[in-house]
Amino acid sequence: MIILFSVFLLALLVITALAIVRSESLFTAVILSGIFSLLMAANFFLLDAADVALTEAAIGAGISTVLFLGALALTGEQERSGSTSRLLALGVVTVTTLIVIYATFDKPRLGDPDAPVHQHVGPWYLEKTPELIDIPNAVTAVLASFRGYDTLGEVFVVFTAGIGVLFLLSAGIARRPEDVPPADKPGQGLRHYLVPRVVGRMLIPFIFLFGLYVQFHGDYGPGGGFQAGAIVAAAVILYALLEGEGEALRALPMHVLKWLVAGGALLYGAVGVAGMLLGSNFLDYSVLASDPIAGQHIGIILIELGVGITVTGVLLCVFHAFAARGKV
Amino acid sequence: MYYAVTIATLITMALALVRALLGPSIYDRLLAANMFGTKTVLLLSVIAFLYGRPDFLDLALVYALINFIGVIAVLEFIRDREDTSDTETRTGG
Amino acid sequence: MAMVIDILSWILLTAGGVFVFIGGLGALRMPNLYTRMHAASLTDTMAAVLIIGGIMLQAGLSLATIKLAAILLFLLLTSPTASNALASAAILSGLQPKEGKVEPREQQE
Amino acid sequence: MELLGLVYYWAFAILLMIGFYAVIAKRNLVKKLIGLSIFQAAVFLLYITMGKVEGGTAPILQDGVSLYSNPLPQVLILTAIVVGISTTALGLGIVVRIKEEYGSIEEGEIQERDRQ
């Protein structure tokens, strides 16, 4: 029965994707992308990937829409029609689709426990997680401890992307709270929508609280630094939307955000170096406490914190870079 | 019984998607997107119980909390756009 | 006792499913934005109350019930707010409910 | 019923190519980025599909459950989603700069300007 639900959701997903590509208005495409993300999260959830679905939810529900809209405000929202080599492109795409679909007939069936993917490392992680790390969430264990190097790399990619956006667009952002220009008119933010402002203000503390819950509950349930970073960033972005971007910059100024961006990545690296100084390998947390398992717990909490801080910082920096650019 | 609710929710999601595709105005699409969000929350809560893992309700909670941001962002964008087009007509005309 | 709770939760879930469906139908079939919004937002809140109420009865007293209560609370806060913001934005942009003229700028004051 | 197990892969193939079509055929740079994110989502779907185990449950260990889906693809995709949004933001930043320099984000017009 559940497989039928999945097929239905996949059909909706394909229809949405087609509509996104076909729509002339980029604005419509962005709204439909929001729906696409919701469908994607539902699919991930049906495929037992609760952590991934949570990440998609945290990113797709607000932040990606906000970023695309920020870019559209600066570039214009109407696509000019006319794609030159349309038939050629369609031909290439159709042929490739058919080839890929043909290839799928050799793939293992969905959920086949004997599939090659499930023969190597995966089962080992599941087996060793209770023994070596002793937290219920195997995804967090693999992410933070077994494959800590990978995650360190990803954090640095996020960091680099944030720095890149700041290089490209940061000219207009006020650096210190004193530099934030006063609201140029009383209608700044969503002031004339009274109801969303009141309700939004009420929600912001809960979103923060939930972000912290996701951050620190990541060992036991779905969650962790990546998701929590996105949720906290979403809370601040909501504040910026309701009260005006300047207010958000006054509350969390740019120089603090830059420290967050660098500080999170540094914290992650420092945990690794601490392991080395205590006489073990880089990113081996077992030596952080006298008991190896307690050491693992400390290490995971610290590096998840680093991830969360960097992700929050980068997403907010990017948001402010786009928002401030429009006012120059 | 969860199945019946899931099916109803899925069908409604399809109907909302049709509305989002038809438009005609941007507000219709936005209404459909918002509706889609609430339906997803319901779907995820029901499926969490269908799977017997109620600890995954966190996911529905995220959507319940931050789905709203998308709508607010789009409205803010529309308002900004109208403000600038107003100033353009005022200075230009 | 368990039987009564089961039946009660089934009734709630079925009613919720019906409301969800009616809302979807209304959002698709109604003639203009405001009537669509009426169908969608009214049934949205009702359906959420019924469905989540039904699941809460099944969950019994546990952490899940508290989370469900939180979900319900936030849905009941955000969903009507979004509808309200949407309707007011649509009015301000000059989209007419049905008949009679409202100057878009007059409304803003 | 046997073929139902392949539907996920087909959806992956179709989504991948829808995204690819947007990247190669559309001339608007923002639209290309949207296409790229659909492409990306398709790859995410493929990975997560491969991690699923029939009868298993999400890899959050629980007493009394012995069969779990593979956590490794989930870890890879979880980080890839956040990396994806950051790199998309970088791409959008570049598009905004192009708009400021060239006054357009349509590929043809940009090449026109370059030839002048």
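Just so you know, all these numbers are worked out from the coordinates, no wet-lab data involved. What you see is a predicted model, and the numbers here were worked out from it, not measured in a lab. Cβ coordinates were reconstructed from backbone atoms using ideal geometry, including for glycine residues, and neighbour counts include every protein chain displayed.
Just how far, in whole angstrom, is region B:29-68 from region A:12-61 if you go by their alpha carbon centroids?
Their Cα centres are 13 Å away from one another.
Taking 1 over the mean of 1/r across every pair of different Cα atoms in region A:1-77, what Kirkwood radius in Å do you get?
Over region A:1-77, the inverse of the mean reciprocal pair distance is 13.1 Å.
Suppose every Lys and Arg Cβ carries +1 and every Asp and Glu Cβ carries -1, with no other charges. What dipole size does the protein assembly as shown come out with about its Cα centre, to the nearest 20 debye?
That gives the protein assembly as shown a dipole magnitude of about 1300 debye.
Averaged over peptide A:228-234, how many Cβ atoms belonging to another chain are found within 10 Å of each residue's Cβ?
2
Taking each residue in D:31-38, count the Cβ atoms of any other chain within 10 Å of its Cβ, then average. What number comes out?
5
Which of C:Leu25, A:Asn281, A:Val198 sits farthest toward the positive end of the charge dipole of the protein assembly as shown, with +1 on the Cβ of Lys and Arg and -1 on the Cβ of Asp and Glu?
C:Leu25
Which Cα, out of C:Ala47, D:Val7, C:Met3, lies furthest along the positive dipole direction of the protein assembly as shown (beta carbon charges, K/R +1, D/E -1)?
Positive-most Cα among the choices belongs to C:Ala47.
Can you work out the FRET efficiency for the pair A:Val273 and D:Val65, with r the C-beta to C-beta distance and R0 = 22 Å, to the nearest 0.05?
Efficiency, from the Cβ-Cβ distance: 0.05.
Under the rule a/c < 1.5 gives rounded, and otherwise a/b versus b/c splits prolate from oblate, where does the protein assembly as shown land using the Cα gyration tensor?
Rounded, because the longest to shortest axis ratio a/c is under 1.5.
Enumerate the calculated ³J(HN,Hα) couplings along region A:161-168 in order (Karplus 6.51 cos²θ - 1.76 cosθ + 1.60, θ = phi - 60°), each rounded to whole Hz, writing x wherever the residue is Gly or Pro.
4, x, 4, x, 4, 5, 4, 6
List the relative contact order of region A:1-77 as a percent without decimals, with contacts defined as Cα pairs under 8 Å and 6+ residues apart.
30
How long are the three semi-axes of the equivalent ellipsoid for chain D, computed from the Cα gyration tensor as the root of 5 times each eigenvalue, in whole Å, largest first?
40, 17, 6
Among B:Leu10, B:Val41, B:Leu21, which residue has its Cα positioned farthest towards the positive end of the charge dipole of chain B, with +1 placed on the Cβ of Lys and Arg, -1 on the Cβ of Asp and Glu, and the dipole taken about the Cα centre?
B:Leu10
Under the definition of Cα pairs under 8 Å and six or more residues apart, what whole-number percent is the relative contact order of chain B?
Reported as a whole number, the value is 23 percent.
Output the pairs from B:Lys39/D:Lys26; B:Lys39/C:Lys67; C:Lys67/D:Lys32 with a Cα-Cα distance over 29 Å in this structure; if there are none, say none.
The answer is B:Lys39/D:Lys26; C:Lys67/D:Lys32.
Mind putting a number on the dipole of region A:132-328 about its Cα centre? Charges go on the C-beta only, +1 for Lys and Arg and -1 for Asp and Glu, and I need it in Debye to the nearest 20.
Roughly 820 debye, rounded to the nearest 20.
Kindly express, to the nearest 10 degrees and within the range 0 to 90, the angle between helix B:57-92's C-alpha long axis and the longest C-alpha principal axis of chain B.
Roughly 10 degrees between the two axes.
Amide H neighbours of D:Tyr68 under 5 Å, at least 5 residues apart or on other chains, H built in the peptide plane: list them.
HN-HN under 5 Å from D:Tyr68: D:Thr57.
Provide a whole-number value for the mean count of partner chain Cβ atoms within 10 Å of the Cβ atoms in peptide A:305-316.
Averaged over the peptide's residues, the number is 1.
Comparing B:Tyr63, B:Tyr27, B:Tyr51, which has the greatest mean-square fluctuation in the GNM of chain B with Cα pairs linked when under 10 Å apart?
Between B:Tyr63, B:Tyr27, B:Tyr51, it is B:Tyr51 that shows the largest mean-square fluctuation.
Let me spell out the model: positive unit charges on the Cβ of Lys and Arg, negative unit charges on the Cβ of Asp and Glu, origin at the Cα centre of region B:2-92. What dipole size does that give, in debye rounded to 20?
Dipole size: approximately 360 debye.
Under a 5 Å amide H to amide H cut-off, with H placed in plane at 1.01 Å, what residues pair with A:Ala289 once short-range neighbours are removed?
A:Gly295
Among rounded, prolate and oblate, which fits region A:1-135 when a ≥ b ≥ c are the square roots of the eigenvalues of its C-alpha gyration tensor, a/c under 1.5 means rounded, and a/b larger than b/c means prolate?
Verdict is oblate for region A:1-135.
Step through the residues of region D:42-50 one at a time and calculate ³J(HN,Hα) from phi using the Karplus curve (6.51 cos²θ - 1.76 cosθ + 1.60, θ = phi - 60°), rounding each to whole Hz and writing x for Gly and Pro.
Once θ is set to phi - 60°, the couplings for region D:42-50 become 4, 5, 4, 4, 4, 4, 5, 4, 5 Hz.
If you average 1/r over all unlike Cα pairs in region D:30-77 and invert the result, what Kirkwood radius do you get in angstrom?
12.2
For region A:1-133, what is the relative contact order in percent, using Cα pairs closer than 8 Å and at least 6 residues apart in sequence?
Computed value for region A:1-133: 20 percent relative contact order.
Please turn the phi angles of region A:26-42 into ³J(HN,Hα) values with the Karplus equation 6.51 cos²θ - 1.76 cosθ + 1.60 (θ = phi - 60°), one per residue in order, whole Hz, x for glycine and proline.
Computed from phi, the couplings for region A:26-42 are 5, 4, 4, 4, 5, 4, 5, 4, x, 5, 4, 5, 4, 5, 4, 5, 4 Hz.
Mind telling me which of A:Val157, A:Val195, A:Val165 comes out most flexible in a GNM of chain A, alpha-carbon contacts under 10 Å?
A:Val195
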